[in-house]
1. Would you check if residue A:312 is away from every other protein chain (no Cβ under 14 Å), under 16 Å from the mean Cα position of the chain (by Cα) and either at pLDDT below 80 or outside any helix (DSSP H, G or I) (or both)?
2. Test each condition in (1) surrounded by 15 or more Cβ atoms within 10 Å (Cβ to Cβ); (2) over 20 Å from the mean Cα position of the chain (by Cα); (3) assigned to a helix (DSSP H, G or I) for residue B:134 and report the one that comes out false.
3. Among the residues in segment B:53-66, are any within 13 Å of another protein chain (Cβ to nearest Cβ) and assigned to a helix (DSSP H, G or I)?
4. Just wondering, is there one or more residues in segment A:64-74 that are in a loop (DSSP other than H, G, I, E, B), at pLDDT 85 or above and either in the same structural domain as residue A:110 (by TED's automatic domain parsing) or farther than 17 Å from residue A:107 by Cα (or both)?
5. Would you check if there is a residue in segment A:104-122 being more than 22 Å from residue A:306 (Cα to Cα), within 32 Å of the chain's Cα centre (by Cα) and loosely packed, with under 14 Cβ neighbours inside 10 Å?
6. When you check residue A:329 against the structure, is it closer than 23 Å to residue A:191 by Cβ and in a helix (DSSP H, G or I), yes or no?
7. Does residue B:100 fit the bill of being more than 28 Å from residue B:35 (Cα to Cα) and within 8 Å of chain A (Cβ to nearest Cβ)?
8. Looking for something over 27 Å from residue A:225 (Cβ atoms), within 14 Å of chain B (Cβ to nearest Cβ) and loosely packed, with under 13 Cβ neighbours inside 10 Å - is there at least one such residue anywhere in segment A:61-69?
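The values are calculated or read from the model by the stated rules, or taken from the named source; none is laboratory data. Because the structure is a prediction, the values reported are computed rather than measured. Here Cβ is always computed from backbone atoms with ideal geometry, including for glycine, and neighbour counts include all displayed protein chains.
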């Protein structure tokens, strides 16, 4: 057991040192997540700016409130969605509360403390005051640093974790096969399982660095996200799912044609990335695209991350986690069986 | 006791027999060279003896231990330099050798001794990827020496090296032999095999077609050197086909 642990730690240190000084690896674990975060944030901001803003409304005033809602809707300037309570409102979204005592009592508008939130607030205030010339609006900023862009940033985390897991295992294995390192390790006392554990732990390091890079980039952009410790569950599931997939690809690729593993990984990963809910919510797409997106493993991992990080909703976060759990177990077990240093 | 012993060893890839009844005996402390054209079965033999490939038929013993039953023990007691070995390119020479020392449970002091023996102390802080071909082979041999192996397998150790680097490596192989290590080597260079080997075997199409001391083979065929002997033997077998 002690010998085994020594070999695992030595291999992990060697692989990590060898690859973390490599510019391509550094690009994938540091610059790629930064680029992803920036692109996702820019896409999010331009998307929000170029469309009619969605505003949630809780109407406690019934008839008078309905009249006001109809008036706001008729303006065509905002898209109003009526809900029964605050828990139904996605985090960071602007919402309006029409109190029971309306029009005697003031309409409350809650908006995010950023340029988009302020724009929507000003627009709503203008529409509502034009309906009733008395100033009946009271504005309040939402006490969170999160906004809808945060949801997109979580998509970047999902992609970074999946990409690091998949390309971590295929990239390292292809390089070491080419350089005959695997052949040398095969003739050493290192066991298959020890090599696999070392390489999975290496992926864990890569993915952790990438997630930290994304969170730090988001923090610089003013998006402060707090991570529940339960985040580790979908995080490991994502690693095992895509790491296992990488192991299966490497294991099924004939020796001597190992470079094909990279081609297959790219061919699989990029469609999965683009047809996921990382950028586009599945509800925004027509059938059957929405179904494809919903069943995409990257989408499921993203949903789990979103519930755990954005909404602090542990139950739903765990529900999405359990959806992918069996596949993660099957993939990592298959990968472990197929990644072999030697026949004997 | 023989260092290596195989009886009627067969290894098949699909329908193709890479080894078709190889029987060899390598005495302890000798240099044994396996010669043959590309695809003859040299590397496959090395990989079976290294417990990497599983053989389909025959009996294989290394240091009196059975393959595949005793592979764990065999791996601990043998060292290997694979063909065109390129190591952990972004680790230093010292880090590369120390890594294998940890895998084999060897000490850091022995790593220093090995570096002194192979004469690579001045390269210890250089990255493996920045070394010349000859230097890489030297480091590869240093890695193979970790764990005090009783047998070292060298698969084409001088392939692609300049004449000076090749001669340099020959001296290292001679020193290892003097230290009592059995060396099992594959090579394309007949001069190398003639200078270094106690026994050479010529393999073609997975079958050993000649085996013996280089001088005896040269004398038997009445030719000037091992290269001429090799051409005569391989030429004969090609004509037979």
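1. It is true that residue A:312 is away from every other protein chain (no Cβ under 14 Å), under 16 Å from the mean Cα position of the chain (by Cα) and either at pLDDT below 80 or outside any helix (DSSP H, G or I) (or both).
2. If we test residue B:134 against (1) surrounded by 15 or more Cβ atoms within 10 Å (Cβ to Cβ); (2) over 20 Å from the mean Cα position of the chain (by Cα); (3) assigned to a helix (DSSP H, G or I), just (2) comes out false.
3. Our first condition is that a residue be within 13 Å of another protein chain (Cβ to nearest Cβ); within segment B:53-66, this holds for B:53-56, B:60, B:62, B:65-66.
Within this subset, residues satisfying the condition of being assigned to a helix (DSSP H, G or I) are none.
No, that holds for no residue.
4. Taking segment A:64-74 and keeping what is in a loop (DSSP other than H, G, I, E, B), we get none.
No, that holds for no residue.
5. yes
6. On the way: closer than 23 Å to residue A:191 by Cβ: yes; in a helix (DSSP H, G or I): yes.
For residue A:329, the condition - closer than 23 Å to residue A:191 by Cβ and in a helix (DSSP H, G or I) - is met.
7. Criteria met by residue B:100.
8. No, every residue in segment A:61-69 fails to be over 27 Å from residue A:225 (Cβ atoms), within 14 Å of chain B (Cβ to nearest Cβ) and loosely packed, with under 13 Cβ neighbours inside 10 Å.
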